[in-house]
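Can you keep this structure in mind? I'll have questions shortly.
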Amino acid sequence: MSENLLDVHGVTKRFGGFSALTKVDLHVKENERFGLIGPNGSGKTTMINCISGALNNDEGNIVFAGRDITTMPAYKRTRLGIARSFQIPKPFVSMTVLENLCIPLEYAAHQHSHGAELQGEAMEILEIMSMADKADVRTGGLTQIELRKLELARAMAAKPRLLISDEAMAGLSNTEVDDILEILVRLNEEGLTVIMIEHIMRAVMNFSERIVVLDAGEKIAEGTPDEIVNNKDVERAYLGA
Amino acid sequence: MSNEKRLFLIVAAVLVVGAFLITTQMENRFYYKAAYVVLQYVVLATAWNILGGYTGYVNFGTAAFFAMGAYTAVALIKTWKPPLYVLLISGGIVSGLLGLGIGYLTLRLRGVFFSIATLALAVVLQMVVSNWDYVGGGAGTAILKPRSVPLFSNYDEFLFFVMAALAVVAVAVAWLIEKSWVGRGMAAIRDNEEAAECMGVPILKIKLFATTVSGALMGIAGAPFSYFVVYIEPTSAFHLDYAVNSLAMPMIGGTTSWLGPLVGAVLVGTAQQIATVTLSAEMNLLIVGSLLVGFVVFAPDGLVGLFGKIRARLVGKEA
């Protein structure tokens with residue numbers, strides 16, 4: 001157990017009478033590339049919300065780096081090392097791109113240091129994401145694609161141990177998907193653990209070492225990309241019986 | 001200490017000393033009364049903006065915080081007539097605690113629902129005070145101001161000086177918050193609360209800080225009110241003018257910086273004082289209302305934002 005960075009035990013989340021997640025287990029190893037897939041409405045984003053602390057799960061517990069974080073507020077989880085991007089971009093609209101990155105750098109990565117070195121670090125991240133030319137642009141002036149890249153850049157700025165990418169690549173062109181995959185692979189090589197939620201199968205199948213499939217709030221399959229592709233239950237969930 | 005901070009402190013000190021020097025030179029009591037009202041709005045607008053402008057929670061209940069400060073003072077004056085600084089501190093504490101309570105509402109209420117709750121708070125508190133006979137109840141009560149005060153030739157001049165000093169303190173507090181990590185966290189909350197929390201911003205702590213500081217400053221502004229008006233009753237202390245003005249002034253001046261509420265309060269407050277004398281007392285809100293509509297439609301970033309845009313355009317042309 002101890003080599004797992006993230007352990008999700010029997011997590012259930014209900015919205016009124018509707019059960020969005022039912023007793024789901026996830027185990028993510030340190031430095032793993034982990035894929036989470038499933039049809040629309042299968043509970044992927046709810047799972048991410050429970051892990052990042054945006055929602056509290058009703059049953060089960062979540063252990064990160066040996067600490068039970070089930071009831072911990074989201075900001076503390078970020079400081080412990082869990083960062084996420086949002087499926088629908090949620091930029092800080094009154095700030096420039098650079099200032100957007102300074103928030104997690106200041107609050108999560110360094111906790112209240114400020115000044116030139118912070119901006120320098122933010123610029124480094126923007127250069128990795130090839131967005132350096134947009135540093136002083138307000139987020140209102142960004143395209144949908146740039147907003148998605150900003151989401152990922154901002155999550156990286158929290159200097160996490162676990163990065164959760166929630167459909168960061170939807171709507172991107174093939175070359176842009178490759179660019180982002182390359183960045184994620186490089187970060188992974190430097191020690192980052194990545195959970196990727198993605199509808200672009202080419203991306204998630206190439207990237208992930210292990211994949212979990214959710215359907216209607218339940219885990220229906222787990223395994224390597226090859227095992228998942230040949231799994232009958234997964235085929236049925238996606239295409240119908 | 002940075003140069004910026006030092007300059008700000010020097011300007012603040014000069015303004016306070018300047019306000020004192022004015023009282024040794026000028027006689028006409030009306031100007032002190034008018035200036036007191038304008039300065040009171042500098043405090044209220046600045047306080048409102050810490051929560052409304054920086055953090056994005058629109059408070060319609062300014063009158064509640066202001067009146068709680070005023071009535072805390074009235075209750076104290078009725079019991080043992082403490083010196084003014086005790087009234088200021090007590091008013092600040094009571095309204096600060098009220099602000100802290102309102103802060104916990106933000107756990108469940110956001111956007112317009114929070115605003116409605118603050119408006120309701122003002123109505124409920126007005127009812128309570130109206131039925132509290134010790135502080136005069138609905139009919140109100142007369143407050144005798146101290147006959148003399150050292151260094152000042154009369155109490156109105158002293159109150160003007162106190163409010164000038166409070167205005168400087170309020171703006172300095174807003175400025176310090178804006179330039180600190182807390183201020184940047186507030187901006188993140190205003191822009192997107194969920195994203196802010198996921199980026200490591202302790203949103204509840206910062207929101208509670210904002211509501212408490214904002215409420216406390218409003219309470220401090222209200223504490224000398226009964227000495228100023230001499231006769232205090234709930235309808236005037238809880239008047240809707242306070243809520244409307246302290247919201248409109250930052251909107252007109254600009255909500256994202258400390259300068260906006262200051263500019264808005266000085267311009268609109270002065271215009272109101274002039275209109276009261278030259279036109280009629282009822283013209284006040286008409287002026288504010290039309291200005292507010294105009295700014296929301298044509299210059300949503302207020303005067304400060306408008307000025308910034310014009311400057312950017314001029315610089316752009318030169319380049």
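The values are calculated or read from the model by the stated rules, or taken from the named source; none is laboratory data. Since the model is a prediction, treat every value here as computed from it, not as a measurement. In this analysis, Cβ positions are derived from the backbone assuming ideal geometry, glycine residues included, and neighbour counts consider all displayed protein chains.
Taking the stated definitions as given, is A:Y75 at pLDDT below 90, in a helix (DSSP H, G or I) and within 30 Å of A:L172 (Cα to Cα)?
no
Still on this structure, I have one more. With respect to A:N56, determine if the residue is within 14 Å of another protein chain (Cβ to nearest Cβ), of a type in the set (S, T, N, Q) and surrounded by fewer than 23 Cβ atoms within 10 Å (Cβ to Cβ).
Yes.
Looking at (1) surrounded by fewer than 21 Cβ atoms within 10 Å (Cβ to Cβ); (2) touching a strand residue (DSSP E or B) at 6+ places or on another chain (Cβ under 8 Å), can you tell me which one B:Y134 breaks?
That leaves (2) as the condition not met.
In the set B:A237, B:A275, which member is over 28 Å from B:E178 (Cα atoms), free of Cβ contacts under 8 Å to residues at least 60 places away in the same chain and among the aliphatic types (A, V, I, L, M)?
Only one candidate passes the filter, namely B:A275.
Somewhere in segment B:18-28, is a residue among the charged types (D, E, K, R), out of contact with any strand residue (DSSP E or B) (no Cβ under 7 Å at 6 or more places or on another chain) and touching a residue at least 24 places away in the same chain (Cβ under 8 Å)?
There is no residue in segment B:18-28 that is among the charged types (D, E, K, R), out of contact with any strand residue (DSSP E or B) (no Cβ under 7 Å at 6 or more places or on another chain) and touching a residue at least 24 places away in the same chain (Cβ under 8 Å).
Something else now. When segment B:121-155 is examined, which residues are found to be part of a helix (DSSP H, G or I) and among the β-branched types (V, I, T)?
Within segment B:121-155, B:V123, B:V124, B:V128, B:V129, B:V135 meet the criteria.
Which number in (1) surrounded by 18 or more Cβ atoms within 10 Å (Cβ to Cβ); (2) away from chain B (no Cβ under 13 Å); (3) free of Cβ contacts under 8 Å to residues at least 40 places away in the same chain marks the one condition that A:R67 misses?
Checking A:R67 against (1) surrounded by 18 or more Cβ atoms within 10 Å (Cβ to Cβ); (2) away from chain B (no Cβ under 13 Å); (3) free of Cβ contacts under 8 Å to residues at least 40 places away in the same chain, the one that fails is (1).
Right, something else. Are any of the residues in segment A:208-230 at positive phi and without any contact (Cβ under 8 Å) to a residue 24 or more places away in the chain?
Within segment A:208-230 (the criterion being at positive phi and without any contact (Cβ under 8 Å) to a residue 24 or more places away in the chain), the answer is yes, since at least one residue qualifies.
Step by step: first the residues of segment A:134-164, then only those that are surrounded by fewer than 19 Cβ atoms within 10 Å (Cβ to Cβ) and among the β-branched types (V, I, T), then the one that is nearest to A:I37 (Cα to Cα). Which residue is that?
Ranking the candidates gives A:I145 first.
Let me ask something additional. Let me confirm something: among B:N59, B:N49, which residue is in a loop (DSSP other than H, G, I, E, B) and either under 20 Å from B:P250 (Cβ atoms) or in contact with a helix residue (DSSP H, G or I) (Cβ under 7 Å, 6 or more places away or on another chain) (or both)?
So the residue among B:N59, B:N49 that is in a loop (DSSP other than H, G, I, E, B) and either under 20 Å from B:P250 (Cβ atoms) or in contact with a helix residue (DSSP H, G or I) (Cβ under 7 Å, 6 or more places away or on another chain) (or both) is B:N59.
Another question, then. Considering segment A:9-37 alone, what residues qualify as being buried (at least 20 other Cβ atoms within 10 Å of the Cβ) and over 15 Å from the mean Cα position of the chain (by Cα)?
A:V11, A:K13, A:A20, A:L21, A:V24 - these are the residues of segment A:9-37 that are buried (at least 20 other Cβ atoms within 10 Å of the Cβ) and over 15 Å from the mean Cα position of the chain (by Cα).
Taking the condition of being more than 14 Å from the chain's Cα centre (by Cα) and assigned to a loop (DSSP other than H, G, I, E, B), how many residues in segment B:195-237 meet it?
6
Looking at (1) more than 10 Å from chain B (Cβ to nearest Cβ); (2) touching a Lys or Arg at 6+ places or on another chain (Cβ under 8 Å); (3) more than 20 Å from A:T12 (Cβ to Cβ); (4) not in a helix (DSSP H, G or I), find the lone condition where A:S94 falls short.
Of everything listed in (1) more than 10 Å from chain B (Cβ to nearest Cβ); (2) touching a Lys or Arg at 6+ places or on another chain (Cβ under 8 Å); (3) more than 20 Å from A:T12 (Cβ to Cβ); (4) not in a helix (DSSP H, G or I), A:S94 misses just condition (1).
Related question: Considering only residues of segment A:179-233 that are acidic (D, E) and part of a strand (DSSP E or B), which is farthest from A:F86 (Cα to Cα)?
A:E222
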